[in-house]
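Inspection log for the structure reproduced underneath, given as structure tokens.
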Amino acid sequence: MKLPPAVRVIPVLLLVLGGAASAQAAGHFLDPDTVDLKQILPAPPAAGSLAALADLEAVRGTQAVRTPADVAWARRIMDFTAFDYADVLGPWFTAKNLPITAEFLWAVTEDSEATSDRVKLIYTRPRPPLVDPMLQPCVKLPKTSSYPSGHATRAFLWAAILAEMFPDRRDALMAWAHKAAWGRIIGGVHYPSDDVGGQVLARALLAEFEKNPAFHAALEQAKAEAASFLLPQAA
């Protein structure tokens, strides 16, 4: 079974690498240059505004109560992939078992990263430790700007797509996405509004993808591939 021509075949290893790979090659299910990004996503809170100060206070408060388990979670999420949703779906949900799904999700990931990177260049919001030097991130501080959170965008986009494949697990998938996105606030490298911005962008990206027949064809092939693993569970 082959993916539609719009989906570039990418080695499964790249998907396992998650965000470490380049997002330059995008345009599988949308062209980020054709999307009105300012229309999709409003600006973050203005520097010095009440909302921005509340955002910063939330990061401070989260750091103050951060536990070793929180740190471990933040570090895990730093390099997570769509296949971390095996926490919800089960240990069978791997790139090795599902190569068609892996290619599909990687194409989605590249489109997501390319789009969120473009939005970051529009708003250039400094990350929390650059605003308050007293903050001590427990994960690597990215060089990109803060808004929106690319991790949150991917987390919610993956969860929404996987919920189409596994509708009975929708609530658990979305709960995992919320936990994953909050891991970046725990890590000290994002504000809560970055997280929410990622959620909004993920919804907008999915709406754009759904306009493309190639996306629907790839989604159906991923569903068919997963079905062979789900049938034994239903028996």
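With 5 Å bins beginning at zero, the pair-distance distribution over Cα atoms of the range 109-159 amounts to 4, 19, 26, 22, 17, 8, 2 %.
Between residue 200 and residue 38, the contour length at 0.36 nm per residue exceeds the Cα-Cα span by 57.1 nm. Relative to the current alpha-carbon distance between residue 223 and residue 87, full extension at 0.36 nm per residue lengthens the span by 47.1 nm. Using a ≥ b ≥ c from the Cα gyration tensor of the range 94-199 (square roots of the eigenvalues), is it rounded, prolate or oblate, where a/c under 1.5 gives rounded and otherwise the larger of a/b and b/c decides, a/b for prolate? Prolate, since a/c reaches 1.5 and a/b exceeds b/c.
Given R₀ = 35 Å, what would the calculated FRET efficiency be for residue 71 paired with residue 171, taking r from the Cβ atoms and rounding to 0.05?
Working: r = 27 Å, r/R0 = 0.77.
Plugging the Cβ-Cβ distance into 1/(1 + (r/R0)^6) gives 0.80.
Taking every eigenvalue of the Cα gyration tensor of the chain, multiplying by 5 and rooting it, what semi-axes result, largest first, whole Å? Walk me through the numbers on the way to the answer.
Numbers: eigenvalues 189, 84, 41 Å².
For the chain, the semi-axes come out at 31, 21, 14 Å.
Quick note: the coordinates plus some simple rules give every number you see, no bench work behind them. Treat the numbers as computed from the prediction; the structure is a model and nothing was measured. Because the Cβ atoms are built from the backbone with ideal geometry, glycine has one as well, and the counts that use them run over all protein chains shown.
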